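The values are calculated or read from the model by the stated rules, or taken from the named source; none is laboratory data. Just so you know, these numbers come straight off a predicted model, no measurement behind them. Positions of Cβ are backbone-derived with ideal geometry, glycine not excepted, and every protein chain shown enters the neighbour counts. Accessible surface is based on the protein model in full, side chains and every heavy atom, while ligands, DNA and RNA are left aside. Shrake-Rupley method; radii C 1.70, N 1.55, O 1.52, S 1.80 Å.
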Amino acid sequence: MNEKKESIIDDGFNANLVKNAFFDGLLEIPIIKKEERLVIPKALVPFSKRKKTNEHSEFICFYEHDIKFRDILTATEKQVDFLRDFSGVISPDCSLYYDMPLVLQMVNTYLNRQVGHYFQSQGLYVIPNVRWGDERTYTRIIPSEIPFAFLGLEKHGIYSIGTYGCCKTTEYKHHLKEGLRSFIKEIEPEIILIYGSMPDSVFGEFKDRVQFVHYEDWTKVRHNLQGGYDGKR
């Protein structure tokens with residue numbers, strides 16, 4: 001007798017993660033709700049370094065190569081329990097490279113919000129990470145809709161930006177600054193966390209418009225080379 005074999009197909013969509021989500025824009029990016037209380041993390045620790053710290057007052061962040069937090073994207077539901085040991089989490093910093101096809105940049109923006117929404121639905125305190133690339137990501141492609149890099153974000157909240165690799169050249173700094181300008185205009189943030197370098201040539205113009213909180217690289221902090229949270233505005 002021939003046995004009927006069940007075919008299991010993994011479509012990679014992980015619809016279960018967004019089953020209770022609201023969606024934003026024509027791209028239907030999941031929304032990460034603004035938390036009722038705006039909590040400034042004591043420190044940020046990268047996902048790959050999570051076992052090297054006992055300071056669970058820290059927030060987990062993903063400011064490192066994407067491969068180092070692959071499990072967060074592919075096995076999201078299995079990560080919740082260990083994250084509960086920390087004070088909160090920054091949504092994943094999925095890369096938006098300038099030479100990456102635009103549709104893949106949109107997909108990575110979706111993944112950022114998808115995982116952030118899911119963690120929030122599980123009771124974790126979530127601060128949205130904001131990442132943009134070139135002008136296509138932070139300007140209005142559709143006049144009636146905000147740039148897709150900012151979809152899924154509610155206004156007047158607390159957000160986080162990682163600057164690693166964003167200040168290497170004049171071109172990179174230009175996009176970092178102009179994207180920041182657009183972000184502030186569109187979302188009107190109360191607080192922006194900055195992880196990594198924070199050149200005044202990029203951020204100085206905006207210090208009277210938003211509260212910046214600066215965090216040095218976690219590894220440098222651990223080796224006492226530089227301070228951590230310094231409360232810069």
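Considering only Thr163, Pro143, Ile192, the residue lying farthest towards the positive end of the dipole of the stretch 143-198 is Thr163, judged by Cα position with unit charges set on Cβ.
Using every pair of separate Cα atoms, the Kirkwood estimate puts the hydrodynamic radius of the stretch 5-138 at 15.7 angstrom. Helix 102-121 and the longest principal axis of the Cα set of the chain meet at an angle near 80°.
Packing here is the average count of other Cβ atoms within 10 Å per residue, and on that basis the peptides 84-91, 172-179, 31-38, highest first, run 84-91, 172-179, 31-38.
The calculated 222 nm mean residue ellipticity attributable to helices in the chain amounts to -7000 deg cm²/dmol, summing -39500 (n - 2.57) over DSSP H runs of n ≥ 4 and dividing by all residues. Radius of gyration (Cα atoms) of the chain, expressed as a multiple of 2.2 N^0.38 Å: 1.04.
Any chance you could give the angle, 0 to 90 degrees and rounded to 10, that helix 170-187 forms with the longest Cα principal axis of the chain? Compared with the principal axis, the helix lies near 80 degrees. Once the Cβ-Cβ distance of Val80 and Asp200 is raised to the sixth power relative to R0 = 30 Å, the FRET efficiency obtained is 0.20.
Along its first, second and third principal axes, ordered by size, the stretch 102-202 spans 41, 30, 25 Å in Cα coordinates. Per-residue SASA remark: Ser197, around 60 Å² accessible (1.4 Å probe; ligands, DNA and RNA not included).
Report the extension gain between Asp71 and Lys207 in nm, rounded to one decimal, defined as 0.36 nm multiplied by the number of residues separating them, less their alpha carbon distance.
Details: separation 136, 0.36 × 136 = 48.96 nm, distance 3.59 nm.
Full extension from Asp71 to Lys207 adds 45.4 nm.
Given their separation in residues at 0.36 nm each and the Cα-Cα distance between them, Asn20 and Glu178 gain 53.5 nm when the chain is fully extended.
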